[in-house]
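Chemist: Can you read through this structure? Questions will come right after.
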Amino acid sequence: MAIASAELLDIATRSLRANYFRLRNPQKSGTVTVITAGHRHYRHLWTRDFCYSVGGALQLGDLPAVRDSLGLILEAQRADGLFPRLLDSIPFWLRIGLGSLGIPLPLTGRLRGNFCTEYGSLAFDSNLLMCWACAQYLQASHDHDFLTQAYPRLTLGMAFYSPWTKNGLLYQPPFCDWQDTIDRRGHAFFTNLLYWKALDSLGTLATALKKPEEALRWDTRTQTVRQDILRMFWDKQAGYFKNTA
C-alpha cells in the first residue's frame, strides 16, 4: 500500500526532531537546542550532518534550533579559520563505542570541537557547508544581527582554503570529505560543487549586509569556479560530471 505524502512528511518530521537535544549552554546563561546526528551513539553536533538538515528544519519553522546550532559551531572556529567536524562534551569515539553497545551517554557539559577524522585528516567541507547553512538561515529568518556576527567568521573560514587551491579549484587531502573512509584526494567534484555553493552564499550574505564591493568579489569568484568545474569535471562525451579529476 502506498504511503500518503502527509504520512511521509510526518515520518520525516518526527525523524528529524527526534535528534533535537536541549542542553544548558556552559558558555552563556540559559539553554540551547542543538540538532544532533542521532539520538543514540551519534548524539553530538556533527557539522556536516547538521548543515544538510538545515533546509528541512527551516521548512518546519525550527529557526531557534538552527540558530543555536550554527552559533555553537561558529564559536568553536579555530584560529586558522577551520570549523569543527563535530562538537561533543566527551571524546566522540567513546560515545560511538558505548552507544554501539547499547549504552547511550548524555550530551552534557561544555561542548568541545573535534577537527580531524579518524585518519587524522581535516574535516575539509565543514567551512563550505557552514556558508550555505548560514545563507539558508538568513533567507528564512532575516536575522541580520546574527549575520553581522557570523559573516567575519565565514570569510575567515573561506580564507582557510587558500593553501588548498590548485588550478582555481580546491585540492583536498585524503579521507577528508563525506566519504571519509576513502582515500580520495586531489580535485573532487562534490567538494568543489560545495565550494561553488559556498562562494555563492557569501555573495548573498554580503549583499544582505550592504557590502556591494565584497558581494561583487564573491559573485565573480562564483562564476570563475563554475567555469573551472565545467572545464575540469564535465565529460561531454559521456554526459556526466566525473567524480575526480
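The values are calculated or read from the model by the stated rules, or taken from the named source; none is laboratory data. All values reported here derive from a predicted model rather than from experimental measurement. Note that we place each Cβ from the backbone using ideal geometry, even for glycine, and neighbour counts take in every protein chain shown. Just so you know, the surface numbers come from the protein's heavy atoms only, side chains and all, with ligands and any DNA or RNA stripped out. Shrake-Rupley method; radii C 1.70, N 1.55, O 1.52, S 1.80 Å.
Chemist: Quote the FRET efficiency, to the nearest 0.05, computed for Y240 versus T220 with a Förster distance R0 of 22 Å and r equal to the Cβ-Cβ distance.
Modeler: 0.20
Chemist: Also, I was wondering about something else. So how much slack lies between L63 and R14, counting 0.36 nm per residue of separation and subtracting their Cα-Cα distance, in nm?
Modeler: Numbers: separation 49, 0.36 × 49 = 17.64 nm, distance 1.63 nm.
Additional length available on full extension: 16.0 nm.
Chemist: According to the Kirkwood expression over distinct Cα-Cα pairs, how big is the hydrodynamic radius of the chain, in Å?
Modeler: Final number for the Kirkwood radius of the chain is 19.1 Å.
Chemist: Now for a separate question. In whole angstrom, how far apart do the alpha carbon centroids of region 81-126 and region 215-239 sit?
Modeler: What the calculation gives is 34 Å, centre to centre.
Chemist: With a 1.4 Å probe and every protein chain kept in, tell me what percent of the accessible surface of the chain is carbon plus sulfur.
Modeler: 57
Chemist: Restricting to Cα pairs below 8 Å that are 6+ residues apart, what does the relative contact order work out to for region 4-114? Please round to a whole percent.
Modeler: 26
Chemist: Per residue, how large is the accessible surface of region 70-110? Use a 1.4 angstrom probe and give square angstrom.
Modeler: Numbers: 1740 Å² over 41 residues.
In whole numbers, region 70-110 has 42 Å² accessible per residue.
Chemist: Quote to one decimal, in nm, the extra length available between W178 and S141 on full extension: 0.36 nm per residue of separation minus the C-alpha distance between them.
Modeler: Values: separation 37, 0.36 × 37 = 13.32 nm, distance 2.80 nm.
Fully extending the segment from W178 to S141 adds 10.5 nm.
Chemist: Let me ask you something else. What share of Cα pairs, in percent, lie more than 24 angstrom apart in region 1-115?
Modeler: Cα-Cα pairs in region 1-115 separated by more than 24 Å: 28 percent.
Chemist: What do the square roots of 5 times the Cα gyration tensor eigenvalues come to for region 41-85, in whole Å, largest first, as semi-axes of the equivalent ellipsoid?
Modeler: 20, 12, 9
Chemist: Follow-up question, since we're still on this one. Would you tally the net charge around H44, using a Cβ to Cβ cut-off of less than 15 Å, leaving H44 out, and scoring K and R as +1, D and E as -1?
Modeler: Neighbourhood net charge equals +4.
Chemist: If the convex hull of the alpha-carbon atoms of region 59-108 is projected onto planes in all directions, what is the mean projected area in square nanometres? Could you put the intermediate results ahead of the total?
Modeler: On the way: hull surface 20.1 nm².
Over all viewing directions, region 59-108 projects a mean Cα-hull area of 5.0 nm².
Chemist: Below 8 Å, C-alpha to C-alpha, sequence gap of six or more: please give me the relative contact order for the chain in percent.
Modeler: Taking the mean separation of contacting Cα pairs over the length of the chain, I get 15 percent.
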